[in-house]
Ligand SMILES: [Zn+2]
Ligand SMILES: [Zn+2]
């Protein structure tokens, strides 16, 4: 298995970000990421996908899209769309239609910032996902960098403090997003979780200072998706893009908050007598199965079955546990960083099914 680090949900000058593709590529080369996916608002920018290289580093820049109905007030139901060659923003008025259109063309849909509340201080409105009746979407953006900022900032003093020390912001996915994900999983659905930067690199000017708030490089070192694929990236865009979207779609991945410590090397598998499954896979449960977890370093570890923690302990770097119940199993790990316990790793589930013979 190869591990590829993918940072997604980034805005450029083609919508409301301040950086162009060239700037973003340069910033990505300085961080420990392999792939960056751009998702501008309601525009799929054509002809910009590229590999960039510098010394022994190589980064792939891909283009997706963040689609939402601009006539809708308030502005809810934002959708991240990946893997399409065509524009689908014209279907934004009906989220189910949008999902169906994307599925028909073999693309992926993730409900963006499913919970993101208003921040009146900056005229930011509530853009929570509302149309939960939709079906057939790939997954949800479980952890969004900007949603969290809007939740923790309550006044200008805090806003300035976080702008200067952005690494104090990330704590964990919003509890509402985690609860919703568990609810969907427990209902028997396969729902892939991703983390999104929602980067804009906004330029903020005040009387005494001028500052880029949350520059791209900060984001590329912060909330990433670690994809597990069969073979290394080849340098051929069409081949690599397909491999990346396959892993993202299936949930052969975990979310890593890479700023406190790199999450590279995390392993979560389940094995029965015949085979070994990893994140995003289904495993048949016959007589039983064994889950195996390996963390890159010691941390607080939690194992969750259908939304209920079945194991948790601090100072752990591995665990083997036998199971005999079907359902969705997933892993969370937490680290102490800047005086607080913070979410570090959130795995996608392994779906354990009872076989009927
Ligand atoms: Zn959005
Ligand atoms: Zn966005």
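Selection within segment 106-119: residues that are surrounded by fewer than 24 Cβ atoms within 10 Å (Cβ to Cβ) and farther than 22 Å from residue 171 by Cα. The member of this set that is farthest from ligand 2 (Cβ to nearest atom) is 106. Just so you know, in segment 24-42 the residues that are surrounded by fewer than 17 Cβ atoms within 10 Å (Cβ to Cβ) and out of contact with any strand residue (DSSP E or B) (no Cβ under 7 Å at 6 or more places or on another chain) include one that is farthest from residue 227 (Cα to Cα), and it is 26. Taking strands (runs of 3 or more DSSP E) as the structural unit, those lying wholly within segment 195-241 and holding at least 3 residues that are at pLDDT below 95, assigned by TED's automatic domain parsing to the domain that holds residue 22 and within 23 Å of residue 20 (Cβ to Cβ) correspond to 202-205, 210-213. Considering 83, 136, the condition of being surrounded by fewer than 19 Cβ atoms within 10 Å (Cβ to Cβ), under 20 Å from the mean Cα position of the chain (by Cα), in contact (Cβ under 8 Å) with a residue 12 or more places away in the chain and under 30 Å from residue 347 (Cβ atoms) is satisfied by 136 alone. Filter segment 122-156 for residues that are modelled with pLDDT of 90 or more and either under 19 Å from residue 216 (Cα atoms) or not in a loop (DSSP other than H, G, I, E, B) (or both) and give the result. Answer for segment 122-156, where residues must be modelled with pLDDT of 90 or more and either under 19 Å from residue 216 (Cα atoms) or not in a loop (DSSP other than H, G, I, E, B) (or both): 139, 140, 141, 142, 143, 144. Scanning segment 53-64 for residues that are farther than 17 Å from residue 195 by Cα and either within 13 Å of ligand 1 (Cβ to nearest atom) or out of contact with any helix residue (DSSP H, G or I) (no Cβ under 9 Å at 6 or more places or on another chain) (or both) yields a count of 1. Against the conditions (1) free of Cβ contacts under 8 Å to residues at least 12 places away in the same chain; (2) in contact with a helix residue (DSSP H, G or I) (Cβ under 9 Å, 6 or more places away or on another chain), residue 276 satisfies every one except (2). Set side by side, the residues 88, 67 differ, and just one is touching a strand residue (DSSP E or B) at 6+ places or on another chain (Cβ under 7 Å), without any contact (Cβ under 8 Å) to a residue 60 or more places away in the chain and more than 11 Å from ligand 1 (Cβ to nearest atom), which is 88.
The listed residues are 75, 70, and the only one of them that is within 12 Å of ligand 2 (Cβ to nearest atom) and modelled with pLDDT under 95 turns out to be 75. You will find that of 159, 177, 163, the residue that is modelled with pLDDT of 95 or more and either part of a helix (DSSP H, G or I) or closer than 19 Å to residue 144 by Cβ (or both) is 177 and no other.
Quick grid of which residues meet (1) within 14 Å of ligand 1 (Cβ to nearest atom); (2) closer than 21 Å to residue 148 by Cα; (3) at pLDDT 95 or above; (4) in a loop (DSSP other than H, G, I, E, B):
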site	(1), (2), (3), (4)
51	no, no, yes, no
81	yes, no, yes, no
84	no, no, yes, yes
109	yes, no, yes, no
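The values are calculated or read from the model by the stated rules, or taken from the named source; none is laboratory data. It should be emphasised that the depicted structure is a prediction, and the values quoted were computed from it without experimental measurement. As a convention, Cβ positions derive from the backbone with ideal geometry for all residues, glycine included, and neighbour counts pool all protein chains shown.
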